[in-house]
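All remarks here apply to the structure that follows.
The values are calculated or read from the model by the stated rules, or taken from the named source; none is laboratory data. Just so it is clear, the structure is predicted and the values come from calculations on it, not from any experiment. With ideal geometry, Cβ positions are generated from the backbone for all residues, glycine too; neighbour counts draw on all protein chains shown.
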Amino acid sequence: MPTDTLTGSCPECETDLTTPPMVQGETLSCPECMLTLRVDDVRGGELSLQMVEVQLRDWGQ
Ligand SMILES: [Zn+2]
């Protein structure tokens with residue numbers, strides 16, 4: 001079966017996600033909770049996603 005899309009689920013809100021082919025380390029935003037997710041692993045057309053903690057860095061400049 002060709003894998004034109006990948007599937008995964010958001011670790012935060014458990015929304016099922018379908019994405020174009022991605023590679024490890026890429027990031028996407030969950031359309032449901034708007035969280036930034038990073039592709040931790042791709043295996044058999046399934047994405048393993050991790051939350052990315054976005055820290056607002058204010059260096060005072
Ligand atoms: Zn989500």
For region 30-47, pairs from a residue that is more than 13 Å from residue 18 (Cα to Cα) to a residue that is near the ligand (Cβ under 7 Å from one of its atoms) and of a type in the set (Asp, Glu), with Cβ under 7 Å and 6 or more apart or across chains, are 33/12; 35/12
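So that you can scan it fast, the table gives a plain yes or no per residue for (1) assigned to a loop (DSSP other than H, G, I, E, B); (2) touching a strand residue (DSSP E or B) at 6+ places or on another chain (Cβ under 6 Å):
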{"position": "7", "(1), (2)": "no, yes"}
{"position": "14", "(1), (2)": "yes, no"}
{"position": "24", "(1), (2)": "yes, yes"}
{"position": "32", "(1), (2)": "yes, no"}
{"position": "38", "(1), (2)": "no, yes"}
{"position": "41", "(1), (2)": "no, yes"}
{"position": "49", "(1), (2)": "no, yes"}
{"position": "56", "(1), (2)": "yes, no"}
Listed by first then second residue, the pairs whose first member lies in region 10-27 and is surrounded by 14 or more Cβ atoms within 10 Å (Cβ to Cβ), whose partner is of a type outside the set (A, V, I, L, M) and part of a strand (DSSP E or B), with beta carbons under 6 Å and at least 6 positions apart or on separate chains, are 17/8
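Conditions (1) more than 11 Å from the chain's Cα centre (by Cα); (2) basic (Lys, Arg); (3) modelled with pLDDT of 95 or more, marked per residue:
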residue: 3; (1), (2), (3): yes, no, no
residue: 14; (1), (2), (3): yes, no, yes
residue: 18; (1), (2), (3): no, no, yes
residue: 37; (1), (2), (3): no, no, yes
residue: 41; (1), (2), (3): no, no, yes
residue: 44; (1), (2), (3): yes, no, no
residue: 54; (1), (2), (3): yes, no, no
residue: 57; (1), (2), (3): yes, yes, no
Within region 1-43, residues in contact with a Ser or Thr (Cβ under 7 Å, 6 or more places away or on another chain) and acidic (Asp, Glu) come out as 16, 32, 40, 41
